[in-house]
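Asker: Take this structure first; my questions come after.
Read the figures in this text as sums done on the coordinates, not as results from a lab. Since the structure is predicted, the reported quantities are computational estimates derived from the model, not experimental observations. Quick reminder, even Gly has a Cβ in these numbers, built from the backbone with ideal geometry, and neighbours come from all protein chains shown.
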Amino acid sequence: MADASLLETFENPDTSGYVIEHTTEEFTSLCPKTGHPDFAAIILRYGPDQSCVELKSLKLYYHSYRNDGIFYEAVTNKIRDDLVKLMSPKWLELITKWRGRGGLHSRIIATHGEVPK
């Protein structure tokens, strides 16, 4: 299972309020039904409070899902929960965009707090 202990933070240099957005197009996990690889782009947006996620640790955390059999919904919500526990952001939005299989494309959105429009 993915390893949240890989995640690290650093002190937010400016708590006055701003948005951080990180994107990856290289997320991979496994379908728990077929064992086939699932590929997604992940967009992480958040309003930092006292800390920010360190990018190398985020990359390693995402890579720790490569051999996990997990549904789209579960992985999206787990990542959100792990990041909220780690940083306690003012708000957070995590969007996973899954590549199509069998003509179906999925987009899962998990939020925490009041996400600005």
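Asker: Just subtract the alpha-carbon distance of residue 88 and residue 43 from 0.36 nm times their residue separation and send over the number in nm, one decimal.
Answerer: Gain on stretching residue 88 to residue 43: 14.4 nm.
Asker: Give me the extension gain from residue 104 to residue 77: residue separation times 0.36 nm, minus the current Cα-Cα distance, reported in nm with one decimal. All intermediate terms of the calculation are to be shown ahead of the outcome.
Answerer: Details: separation 27, 0.36 × 27 = 9.72 nm, distance 2.03 nm.
Value of the extension gain: 7.7 nm.
Asker: For every helix of n ≥ 4 consecutive DSSP H residues, a contribution of -39,500 (n - 2.57) applies; sum these over the chain, divide by its total residues, and give [θ] at 222 nm rounded to the nearest 500 deg cm²/dmol.
Answerer: Only helices count here, giving -6500 deg cm²/dmol.
Asker: Full extension from residue 21 to residue 4: what is 0.36 nm times the residue separation minus their Cα-Cα distance, to one decimal in nm?
Answerer: 4.2 nm
Asker: Now a separate question. Identify which of 19, 84, 75 has the largest mean-square fluctuation in a Gaussian network model of the chain, with springs joining Cα atoms closer than 10 Å.
Answerer: Most flexible of the set in this elastic network: 19.
Asker: Output the 0 to 90 degree angle, nearest 10, between the alpha-carbon long axis of helix 72-87 and the longest principal axis computed from the alpha carbons of the chain.
Answerer: Approximately 20 degrees, to the nearest 10.
Asker: In debye to the nearest 20, how big a dipole does the chain give about its Cα centre with +1 on each Lys and Arg Cβ and -1 on each Asp and Glu Cβ?
Answerer: Using Cβ point charges on Lys, Arg, Asp and Glu, the chain gives about 520 debye.
Asker: Continuing with this model, one more query. In the stretch 21-112, with Lys and Arg counted as +1 and Asp and Glu as -1 at Cβ, which of these residues, 34, 60, 71, has the Cα nearest the positive end of the dipole, that is, farthest along it?
Answerer: 34
Asker: Additional query: I need the peptides 26-34, 7-15, 47-55 ranked by packing, meaning the mean over residues of other C-beta atoms within 10 angstrom, with the highest value on top.
Answerer: Descending packing order for the listed peptides: 47-55, 26-34, 7-15.
Asker: Also: In nanometres, what is the gap between the two model label sites at residue 14 and residue 63, each 7 Å from Cα along Cα-to-Cβ?
Answerer: Computed distance between label sites residue 14 and residue 63 equals 3.1 nm.
Asker: If you build the convex hull over the alpha carbons only and average its shadow over all orientations, what do you get for the stretch 2-82? Give it in nm² to one decimal. Mind dumping the intermediate values first?
Answerer: Working: hull surface 20.6 nm².
If you wrap the Cα atoms of the stretch 2-82 in a convex hull and average its projections, you get 5.2 nm².
Asker: Applying the Karplus parametrisation 6.51 cos²θ - 1.76 cosθ + 1.60 with θ = phi - 60° to the phi angles of the stretch 50-62, what ³J(HN,Hα) value in whole Hz is obtained for each residue in order, glycine and proline being reported as x?
Answerer: 8, 9, 10, 7, 7, 5, 4, 5, 5, 4, 5, 4, 4
Asker: Shifting gears a bit: Which order results if 20, 79 are arranged by neighbouring Cβ count within 10 Å, fewest first?
Answerer: Neighbour counts put them in this order, fewest first: 20, 79.
Asker: Going by average Cβ neighbours within 10 Å, how do the peptides 97-105, 36-44 rank, with the highest at the top?
Answerer: 36-44, 97-105
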